[in-house]
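The values are calculated or read from the model by the stated rules, or taken from the named source; none is laboratory data. Bear in mind that the values here come from a model prediction, so they are computed numbers and not experimental data. Here the Cβ positions follow ideal geometry from the backbone for every residue, glycine too, while neighbour counts run over all protein chains shown. Quick note on the areas: whole protein, heavy atoms, side chains included, nothing else; ligands and nucleic acids left out. Shrake-Rupley method; radii C 1.70, N 1.55, O 1.52, S 1.80 Å.
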Amino acid sequence: MQKDGRVLYLTEGKNENQYWNIPIANTTVILLGTGTSVTQAAMRMLASAGVLVGFCGGGATPLFSGSEVEWLTSQSEYRPTEYAQGWLSLWFQEEKRLDVAKAFQEARIGYLKRVWNRDKELKNENFYCDDQVVEKALTVFANKIVIAQKVGDLLSCEAQLVKQLYKYSVNIVKIANFSRECDSGDLANNFLNHGNYLAYGLAATALWVLGIPHGFAVMHGKTRRGALVFDVADLIKDAIVLPWAFICAKDKTSEQEFRQVCLQKFTEHKALDFMFEELKKHSLGKVAAGEEL
C-alpha cells in the first residue's frame, strides 16, 4: 500500500498492524505471493520507480498450474533501446539465433564449473565438477553443442545433461526413488520448483532492465509466453538451484531456509550479474566482434 509518500508492506494483526517500508528506488522486482494484494496508489508509485511486479503462488511458485509468473510492467519508464534492437536484429536470423543458443549452453557449462570449483560448502557436500561422472557429462554436452544443427538438437542433449546431473546428485545425497515430477510433492521436487522460479525472477529482472521482450527466445518455444526468461534462467539453474535442492531435501530443511540458501548463493556467485553480462554481449554483438563490453 501507499502511505505518507512511501510504499509499505502491511500485515494486519489482532492487536496491531505492522508496516515495513519498501525502498522502491533500490528495488527491481517484487513478487506478490498467495494472500497478498496491492493498491492502485502503490502500483502508481512502483511504476514510476520502474519496479517490476509479479503475482505468484506461495514460495514464488506459480499461482496457476502450468503458467509462468504473471508480470505487471511499468509503462512510464525509460529503458535502454540498444539491447532490444540488437537482440531483435539477431533473433530474426535463424543462424545467429542458433549461435546465441549454443553460446548460452557453453556459458551454462562454464558457470557451473566456476561455481562448483569456488563453493566450499558444495565441496563439503561432495559436489565436484571434476568428478568423473560430471566431467564426462559436461564434456559430452560441450561436444554435442558444437555439432548441433538446430535448436531441437540442443534441447535434446540439454535434457540428457540435466538427467545425468539429477542422477549424480541423487547418488551424492542418497535419496531413493527420485523422479523429476513437478507435482509429485516430495521435498527435492518442491525445492527444484521453488529454486527454478527464483531463477526465473532473476532472468525476468535482467531482461526487463535491458528492455528485451520475453517472447524472443533462442531455445524454448517461439509461441511460449516468457520463453526467453527460461532460456536465461537456465544459465544458472544447474550450477546453484539443482545441487542445493537435493542437499536441502537431504537435510529436510524448511522451504524458507532453502529459499535463503538460494538467494545467498545467487548473491555469492553473482548470478544476476552473469545474466546481464551474457545478455549484453550478445545483444551488442560483442561476441562476434571479439570486443570488450
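Set side by side, the residues Ser74, Ser65 differ, and just one is open to solvent by 70 Å² or more (accessible area, probe 1.4 Å), at pLDDT below 90 and among the hydroxyl-bearing types (Ser, Thr, Tyr), which is Ser65.
When the helices (runs of 4 or more DSSP H) confined to the stretch 113-179 are screened for residues that are open to solvent by less than 40 Å² (accessible area, probe 1.4 Å), those reaching at least 2 such residues are found at 132-147, 151-173. Residues considered: Ala148, Ala217. Of these, the only one that is touching a residue at least 24 places away in the same chain (Cβ under 8 Å) and either within 26 Å of Gln256 (Cα to Cα) or in contact with a helix residue (DSSP H, G or I) (Cβ under 7 Å, 6 or more places away or on another chain) (or both) is Ala148. Which members of the stretch 149-184 meet the condition of being at pLDDT 90 or above, aliphatic (A, V, I, L, M) and more than 23 Å from Asp231 (Cβ to Cβ)? Hits for the stretch 149-184 are Val170, Ile172, Val173. Within the set Gly86, Gly110, the sole residue that is touching a Gly at 6+ places or on another chain (Cβ under 8 Å) and either modelled with pLDDT under 90 or part of a helix (DSSP H, G or I) (or both) turns out to be Gly86.
Output the residue which, of all residues in the stretch 221-258 that are of a type in the set (Lys, Arg) and closer than 21 Å to Leu112 by Cβ, is least open to solvent (accessible area, probe 1.4 Å). Across the stretch 221-258, the extreme among qualifying residues is Lys237. Considering the stretch 180-214, and only residues there that are over 20 Å from Phe258 (Cβ atoms) and touching a Pro at 6+ places or on another chain (Cβ under 9 Å), the residue that is surrounded by the fewest Cβ atoms within 10 Å (Cβ to Cβ) turns out to be Gly211.
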